[in-house]
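The values are calculated or read from the model by the stated rules, or taken from the named source; none is laboratory data. Bear in mind the structure is a predicted one, so any value in this text is a computation, not a measurement. Glycine gets a Cβ as well: all are built from the backbone with ideal geometry, and neighbour counts include every protein chain shown. Side chains are part of the model used for accessible areas, which takes the heavy atoms of the whole protein and leaves out ligands, DNA and RNA. Shrake-Rupley method; radii C 1.70, N 1.55, O 1.52, S 1.80 Å.
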Amino acid sequence: MSEPDMLALVVRGPLAHGLERIPRPVPGPGEALVAVTHVAVCGTDLRLLRGTLHDADYPVIPGHEWAGRVLSAPDRPELVGRAVVGDGITPCRKCERCAEGAFNLCQDLDEVGFTRPGAFAEAFTIPAANLRLLPDALSGAEGCLLEPLCVALHAVERGPGLSGRSVGVIGAGTIGLLIGQLARAAGARSVTVAEPEVRRRRLAAELGLEPVPSLAELESALPEVVFDATGVASVFPDGLRATRPGGDYVLVGYSGEEATRFEPSTVMLREVTVHGVLSGYDQLDKALELVLDGTVRLGPLLDENLPMSEYRSVLKDRGGDAPLRTVFTTEAAQTV
């Protein structure tokens, strides 16, 4: 008897993508098979769809922000039928970076939606040990935002000692607004968010942050710690100049192969420390805790759910009306 098939978004190359019917995956040793109910599209996924993700390994099924229901998990049978989320990163635990405890910098990293098929499908497989129950208090769409919250948590770790310091955030997208909420919770003296879009500035204010319409206004304030959550390379030089001398600049947004020109003396003369941020491994339990206790709000960052068949809508230019995170649903969402 043939294996059942399923619908999945398959990216076969730059600008070559579409929904296809493919065989449903079979979980290997230690893995779980998860029926996807919700899956979100982030900036990195957009780069993949637009053909600008410089290190993409085709073909690939994207989707690393997701929620679902466990269909089978031989090693964790108690999860079968339960709503779950999971850590999409699995380090090798053998390389030099893993030996140093820098698991997100693993030299042989396995990651859902990049090195292994992702969740933009009706089902996918993931190591069962990576799964966590999705609390009843959270929707599947909110579950999708736990992965970017893990990234934001790591970013705040990289921006040292926020308590009592002035903080600037460039970009009021999902990551920027999550970082802003975390910075406020960490005791920052002020959290100013530079964002040109009116709708997003209003959302920042609703979340208790201080929005300004331009990076120039942030530069006049000179925060001690600045988080760049834009993913736009050309922002980098201006962001450095908007950081107080002796301060910290935390680069979170992914700009791919985009390049920009800046003067290294900006860093040298001002003694600014630059921190890179890559993913957010082993932060999922903390992320769940912060959402459940009300420290971080996810609901305001979400728009309406769309069916997976409408995935191309994310490629349209909606200007200031663009949602922070678009979440797509499968037929499995109707049964959870």
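One table, with the values for the structure above:
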| read-out | value |
| --- | --- |
| Residue 44 vs. criteria part of a loop (DSSP other than H, G, I, E, B), among the hydroxyl-bearing types (Ser, Thr, Tyr) and under 21 Å from residue 151 (Cβ atoms) | no |
| Helices (runs of 4 or more DSSP H) (entirely within segment 115-208) containing at least 2 residues that are within 18 Å of the chain's Cα centre (by Cα) and in contact (Cβ under 8 Å) with a residue 40 or more places away in the chain | 140-144, 146-158, 174-185 |
| Candidates 86, 81, 43, filtered to the one that is open to solvent by 40 Å² or more (accessible area, probe 1.4 Å), out of contact with any Lys or Arg (no Cβ under 6 Å at 6 or more places or on another chain) and more than 30 Å from residue 317 (Cβ to Cβ) | 81 |
| Flag for residue 63 being within 23 Å of residue 277 (Cβ to Cβ) and either of a type outside the set (D, E, K, R) or in contact with a strand residue (DSSP E or B) (Cβ under 6 Å, 6 or more places away or on another chain) (or both) | yes |
| Some residue of segment 24-37 being at negative phi, of a type in the set (S, T, N, Q), assigned to a strand (DSSP E or B) and crowded, with 18+ Cβ neighbours inside 10 Å | yes |
| Residue 190, sole failed condition from (1) open to solvent by less than 40 Å² (accessible area, probe 1.4 Å); (2) within 30 Å of residue 112 (Cα to Cα); (3) polar (S, T, N, Q) | (2) |
| Residue selected from segment 193-246 under the condition of a type in the set (Ser, Thr, Tyr) and surrounded by fewer than 22 Cβ atoms within 10 Å (Cβ to Cβ), by the criterion nearest to residue 176 (Cα to Cα) | 214 |
| In segment 104-122, the residues that are of a type in the set (A, V, I, L, M, F, W, C) and touching a helix residue (DSSP H, G or I) at 6+ places or on another chain (Cβ under 8 Å) | 105, 106, 120 |
| Residue match in segment 287-296 (condition: under 23 Å from residue 44 (Cβ atoms) and hydroxyl-bearing (Ser, Thr, Tyr)) | no |
| Residue, farthest from the chain's Cα centre (by Cα), within segment 279-293, restricted to residues that are exposed (fewer than 15 other Cβ atoms within 10 Å of the Cβ) and not acidic (Asp, Glu) | 292 |
| Residue within segment 55-65 that is surrounded by fewer than 20 Cβ atoms within 10 Å (Cβ to Cβ) and either under 23 Å from residue 324 (Cα atoms) or charged (D, E, K, R) (or both) present | yes |
| Candidates 116, 158, 132, filtered to the one that is open to solvent by 40 Å² or more (accessible area, probe 1.4 Å), charged (D, E, K, R) and either touching an Asp or Glu at 6+ places or on another chain (Cβ under 6 Å) or within 30 Å of residue 33 (Cα to Cα) (or both) | 132 |
| Qualifying residue in segment 88-102 (condition: of a type outside the set (D, E, K, R), touching a residue at least 40 places away in the same chain (Cβ under 8 Å) and under 21 Å from residue 22 (Cβ atoms)) | yes |
